[in-house]
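The values are calculated or read from the model by the stated rules, or taken from the named source; none is laboratory data. Given the structure is predicted, the values throughout are model-derived calculations rather than measurements. So basically every Cβ, Gly included, is an ideal-geometry build from the backbone, and we count neighbours across all protein chains shown.
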Amino acid sequence: MKKTLLTAALVAGFASVAHAESSVTLYGVVDGGVGYTSVKTNYDVSEYYNGVYQGSISATGKDRGFGVKSGVQSGNRWGLKGTEDLGNGTSAIFQLESGFNLGNGRHLQGDRLFGRKAILGLTGESWGTVTLGRQYNVGDDFLAPIDPFGTGFGQAAVTNTAGVSWSGRYDSSVKYLSPNFSGFQVGLAWAGTNNKSDYDVTVSTPGGWASESIRTKENDNLFNLGVAYNNGPIQAALVWDHQNQKDRFSLSQSDSSGFSNSVSGTSKSTVDAWNLGFAYDFDVVKLHLGIGQQRDGLIRDSDGSSGLLGSLAGTDAAASATLPNLIGTAGSFLGDFYGEGYKQTHWMVGLSAPVSEAGKVLFSYQGAHGKNSDSGLNGFGGAYSWNAKSRTNIFSLGYTHNLSKRTNLYALASYGTYKVTGNGSVVYSANDIDSANGRIKTKATQINVGLRHRF
């Protein structure tokens, strides 16, 4: 009897030790409600020939909808995360997180199983955390908490003007976050694909031979570096992004008759962005501030999103189809507007304030200015030039009310405008000039009430 009791005690002891050394947690967010959305876009185009008015085009499109909305405050998700104690203050960690639409139960993020996050890594109390896989950038760790809406609530998120530098997901990435040193923390990340392909083919026949060689190189790399300070009432963060894309192609051909041919080409783009965020908690109210820039294009995440309001509202696609006629033979400036030469300055001012033990009011205003221009030969014997400017303004007001530690109600009203103005011309000769100017303006309204539960 004593041996049996001793054996049972030892088994129970080993089980508790194993449980203490490793753990797996199931967690998630379920967020849903009802809401109204409205997106209205106006196009105004005028064309001139040698300064003489030739005509104009005006168009208006409006989309409205009311119904059940999924994942407004926070994206719906379920996930598994775990840790194993390896000793000496170091642990192995993993996290697998899947996004879904509450309205129809389908996967999100391109129908990926773990589209929100899929990481594996090591963490140590003295040296920090290293993770690899599909994960968020450094901006999500350092800048996102400074947004009064936490980069959630749809149009209210600061990513609609500042872009995915504040919060974006990247495939095949490696990220390092340092420990917290008296409030200071450093983070850096790299995400990229670098592939090279070589194909050599030789065909021989009794009458001769022919050969062909193809070489391709594809490089797409994003570097992310940030520093943050979080101590007492102060939150501050500075994050820098550098995205470099380069594709190279070469083809060479030859045969026994003496024929030879070679073709090569290179396309590349380099985009830089920086963002500075600051928040101060006065107890009765918390102030949120942000400012930043993007240069020579838009930083994009692995899903191809820039996060900007114009893209979310569908303005870019609609305008690209309309504007070739706007600039006449100068072509569509919007196709290149967000490319090389593009410069954007954006900002955010927000407030959050508790109004009771359970309630909090959220407010933010965010805006952005962008501009770009280009000139060259249009391929029809003429020289073209164009310039364009964009302006974004978003005002958002929200309220959250905690029913418990895990469940809350929320309400949101947000109104945004996105405007692009441009003009261009093609000069064939002093007496042959085709020119045009136009405007695209989108107004977007979002109203939601909902319930969120975390488990």
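A compact table of results
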{"read-out": "Residue 100 touching a residue at least 24 places away in the same chain (Cβ under 8 Å), of a type in the set (Phe, Trp, Tyr) and either over 30 Å from residue 399 (Cβ atoms) or touching a Ser or Thr at 6+ places or on another chain (Cβ under 6 Å) (or both)", "value": "no"}
{"read-out": "Test: residue 387 is in contact (Cβ under 8 Å) with a residue 24 or more places away in the chain, surrounded by fewer than 17 Cβ atoms within 10 Å (Cβ to Cβ) and not aromatic (Phe, Trp, Tyr)", "value": "yes"}
{"read-out": "When residues of segment 71-87 are limited to those that are among the polar types (S, T, N, Q) and in contact with an Asp or Glu (Cβ under 7 Å, 6 or more places away or on another chain), the one farthest from residue 444 (Cα to Cα)", "value": "76"}
{"read-out": "Unmet requirement for residue 9, which otherwise passes all of (1) of a type outside the set (S, T, N, Q); (2) out of contact with any strand residue (DSSP E or B) (no Cβ under 8 Å at 6 or more places or on another chain); (3) at pLDDT 85 or above", "value": "(3)"}
{"read-out": "Criterion (among the β-branched types (Val, Ile, Thr) and more than 12 Å from residue 275 (Cβ to Cβ)) met by exactly one of 186, 164", "value": "186"}
{"read-out": "Among (1) charged (D, E, K, R); (2) at pLDDT 50 or above; (3) within 30 Å of residue 384 (Cα to Cα) - the single one residue 316 does not satisfy", "value": "(2)"}
{"read-out": "Within segment 103-118, tally of residues that are surrounded by fewer than 18 Cβ atoms within 10 Å (Cβ to Cβ) and outside any strand (DSSP E or B)", "value": "9"}
{"read-out": "Yes/no for residue 27 being closer than 30 Å to residue 90 by Cβ and either at pLDDT 85 or above or assigned to a strand (DSSP E or B) (or both)", "value": "yes"}
{"read-out": "Selection count where residues are under 19 Å from residue 343 (Cα atoms) and in contact with a helix residue (DSSP H, G or I) (Cβ under 6 Å, 6 or more places away or on another chain), scope segment 276-306", "value": "1"}
